[in-house]
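Undergrad: One structure coming up, written as structure tokens, with questions to follow.
The values are calculated or read from the model by the stated rules, or taken from the named source; none is laboratory data. Everything quoted here is computed from the prediction, not taken from an experiment. Heads up, the Cβs are rebuilt from the backbone with ideal geometry, glycines too, and the neighbour counts pull from every protein chain shown. These accessible areas exclude ligands, DNA and RNA; they are computed on the full protein's heavy atoms, side chains included. Shrake-Rupley method; radii C 1.70, N 1.55, O 1.52, S 1.80 Å.
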Amino acid sequence: MFDFLEGYDLLGAFWVTVQLTFWSALGSLVWGTLLAAMRVGPVPLMRAFGTAYVTVVRNIPLTVIIVFTSLGLFQTLGISLGADRFTTINFRLAVLGLTAYTSAFVCEALRSGINTVPLGQVEAARAIGLSFPQILRIIVLPQAFRSVVGPLTNVLIALTKNTTVAAAIGVAEAALLMREMIENEAQLILVSAVFAFGFICLTLPTGLLLGRLAKKVAVKR
Amino acid sequence: MPVPEGSVPDDGDALVVLRGVDKHFGTLHVLQSIDLTIRRGEVVVVIGPSGSGKSTLCRAINRLETIDGGEIRIDGRPLPAEGRELARLRADVGMVFQSFNLFAHKTVLDNVTLGQIKVRKKDRRSAEERARSLLDRVGVAAQADKYPAQLSGGQQQRVAIARALAMDPKVMLFDEPTSALDPEMINEVLEVMRQLARDGMTMVVVTHEMGFARSAANRVVFMADGRIVEETTPEEFFGNPRSERAKDFLSKILHH
């Protein structure tokens, strides 16, 4: 019944999906945190930049962003992100696009977490002479992260599925292979089911594990 | 050292000096040209009806509230507007809040060592040593490894006092330290504060605890509607208040 799978590197394709997800998640966690720090910080210019970034990027379709990284950044401006093979260039461009997009959502999730930290603790931190960066790093962000493990899990699951958009610029992840198999094979429903199952295998454990983590690290008040 | 009625403390000994301090919240003139001098080792209790501006006054002294006019000097230096300078000054001014405001994700011990390590740049060992002796002094040494949420309100507030003391502040500000406490816990906190006063700490205490004002204060400052209405010894204030406003306030809180 599953003869049609023969000759396709299903695991290889999903491995690319996992790599895309991993690097984009890492990148958007870092960039999203910086954006959130800008948005709550005391410098008006940074606050304005953070707000503008989130507002603009959040409202552009991911496909447009991913296609822009290839057509705009690479083919027009010649930015190849230090790679020389096409597959590597496209992979890195996709990570860049996914990071740029996802970090807007990470920033907003984190910002809602920052709002759960009582203002009094920030005042107490100021009163013992901590600077703004210290207060953010030592008092606010650790508590903010703990309270948004749930929302960040949603962002991560969405990111995992969003990696399929990278197929638009030819990254050989799961969705590109699915497209190829749909062209070549007759069992359309089964092909779709196999890929749907593959993604569930990736996202379901993520949700369960992080859900448990969220309960474990929650700050008792 | 009780201050004779009406005398202006001599400035050589002044630690905190407010001159013509003004503050508005929108249209509300919450501090109206406040003049106040707090001398080294003095315990000043600020009382008054709610909305009189006493908390704002307290918070203005370490610039948790900005002021619109006038000047605040601490130990002879004007209060810096922001940045590193302000952070350094705040480290010298201890503050205890109504709602304790302990860092919820850190243990009691870490709450007390944090400022010593990050601001005073002490090494962890000596910071912990100091923290444990302070926790012992306020009577919560046994709770050092617990988290704030596991402590009673009275215990949390005593930890907050230890956290402020760990910075070796020149002056301690108390912003209604017992108002959020269950009645049976108020005394354990007041006792720590009394001990602190006996040890010669300079203190500004905003409170509704008249017993504390009577027994521990060198001077009582009575505020109403953003002004200092009366400023005198506790004996004088409670025994023979001069202003109608103070008489009215005292009659409402003492005879019920």
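Undergrad: Being within 9 Å of A:ALA104 (Cα to Cα) and of a type in the set (A, V, I, L, M) is the filter here, so list the residues in the range A:43-55 that pass it.
TA: Passing the criteria: only A:VAL54.
Undergrad: A:LEU20: among the aliphatic types (A, V, I, L, M) and free of Cβ contacts under 8 Å to residues at least 24 places away in the same chain, yes or no?
TA: Criteria not met by A:LEU20.
Undergrad: Tell me yes or no: at least one residue of the range A:146-164 is more than 15 Å from the chain's Cα centre (by Cα) and more than 30 Å from A:PHE2 (Cβ to Cβ).
TA: yes
Undergrad: Being part of a helix (DSSP H, G or I) and away from chain B (no Cβ under 13 Å) is the filter here, so list the residues in the range A:139-149 that pass it. Explain how you work it out, then say what you get.
TA: Going residue by residue through the range A:139-149, those that are part of a helix (DSSP H, G or I) are A:139-147, A:149.
Matches in the range A:139-149: A:VAL149 only.
Undergrad: Somewhere in the range B:193-206, is a residue more than 29 Å from B:ARG39 (Cα to Cα), of a type in the set (S, T, N, Q) and surrounded by fewer than 24 Cβ atoms within 10 Å (Cβ to Cβ)?
TA: no
Undergrad: In addition: Find the residue count for the range A:185-221, including only residues that are farther than 24 Å from A:ALA94 by Cβ and either open to solvent by 70 Å² or more (accessible area, probe 1.4 Å) or in contact (Cβ under 8 Å) with a residue 60 or more places away in the chain (or both). Working first, answer last.
TA: Of the residues in the range A:185-221, the ones farther than 24 Å from A:ALA94 by Cβ are A:185-190, A:193, A:208-209, A:211-221.
When the remaining residues are screened for being either open to solvent by 70 Å² or more (accessible area, probe 1.4 Å) or in contact (Cβ under 8 Å) with a residue 60 or more places away in the chain (or both), the result is A:185-190, A:208-209, A:211-221.
The total comes to 19.
Undergrad: Name the residue, out of B:LEU79, B:LEU89, B:LEU57, that is within 9 Å of chain A (Cβ to nearest Cβ) and surrounded by 17 or more Cβ atoms within 10 Å (Cβ to Cβ).
TA: Criteria check complete, one pass: B:LEU89.
Undergrad: Another question, if that's okay. Given the condition surrounded by 22 or more Cβ atoms within 10 Å (Cβ to Cβ) and either within 12 Å of another protein chain (Cβ to nearest Cβ) or on the phi > 0 side of the Ramachandran plot (or both), answer yes or no: does some residue in the range B:137-154 qualify?
TA: Yes: one or more hits.
Undergrad: Which pairs do you get when a residue that is within 15 Å of B:HIS24 (Cα to Cα), found in the range B:61-79, comes within reach of a residue that is open to solvent by 30 Å² or more (accessible area, probe 1.4 Å) and among the polar types (S, T, N, Q), reach meaning Cβ atoms under 9 angstrom, with the pair 6+ apart or on two chains?
TA: Pairs found: B:GLU65/B:SER55; B:GLY69/B:SER33; B:GLY70/B:SER33.
Undergrad: Scan B:GLU188, B:GLU235, B:GLU230, B:GLU176 and give me the residue that is of a type in the set (Asp, Glu), in contact with a Cys (Cβ under 9 Å, 6 or more places away or on another chain) and at pLDDT below 95.
TA: Step by step, each of B:GLU188, B:GLU235, B:GLU230, B:GLU176 is checked, and only B:GLU176 is of a type in the set (Asp, Glu), in contact with a Cys (Cβ under 9 Å, 6 or more places away or on another chain) and at pLDDT below 95.
Undergrad: Moving on to the next point. Please specify each residue of the range B:191-224 satisfying the condition of being within 21 Å of B:ARG59 (Cβ to Cβ) and out of contact with any strand residue (DSSP E or B) (no Cβ under 8 Å at 6 or more places or on another chain).
TA: Within the range B:191-224, B:GLU209, B:ALA224 qualify.
Undergrad: Which number in (1) under 18 Å from B:ASN111 (Cα atoms); (2) under 15 Å from the mean Cα position of the chain (by Cα) marks the one condition that B:ASP145 misses?
TA: So B:ASP145 meets the others, but not (2).
Undergrad: Let me ask another. Do the conditions hold for B:ALA217, that is, is it open to solvent by less than 20 Å² (accessible area, probe 1.4 Å) and either among the small types (Gly, Ala, Ser) or at pLDDT below 90 (or both)? Spell out the reasoning first.
TA: On the way: open to solvent by less than 20 Å² (accessible area, probe 1.4 Å): yes; either among the small types (Gly, Ala, Ser) or at pLDDT below 90 (or both): yes.
The answer is yes for B:ALA217.
Undergrad: If you don't mind, there's one more thing I want to ask. How many residues are of a type in the set (Phe, Trp, Tyr) and either within 17 Å of A:LEU29 (Cβ to Cβ) or at pLDDT 95 or above (or both) when one looks only at the range A:66-124?
TA: Residues flagged as of a type in the set (Phe, Trp, Tyr) and either within 17 Å of A:LEU29 (Cβ to Cβ) or at pLDDT 95 or above (or both) within the range A:66-124 amount to 2.
Undergrad: Here's another thing I want to ask about it. Any residue that is over 14 Å from the mean Cα position of the chain (by Cα) and at the interface with chain B (Cβ under 10 Å from one of its Cβ atoms) - is there at least one of those in the range A:109-118? Full working, then the answer.
TA: As a first pass, look at the range A:109-118 and keep what is over 14 Å from the mean Cα position of the chain (by Cα): A:111-118.
Then keep just the ones that are at the interface with chain B (Cβ under 10 Å from one of its Cβ atoms); that gives A:117-118.
Taking every residue of the range A:109-118 in turn, at least one turns out to be over 14 Å from the mean Cα position of the chain (by Cα) and at the interface with chain B (Cβ under 10 Å from one of its Cβ atoms).
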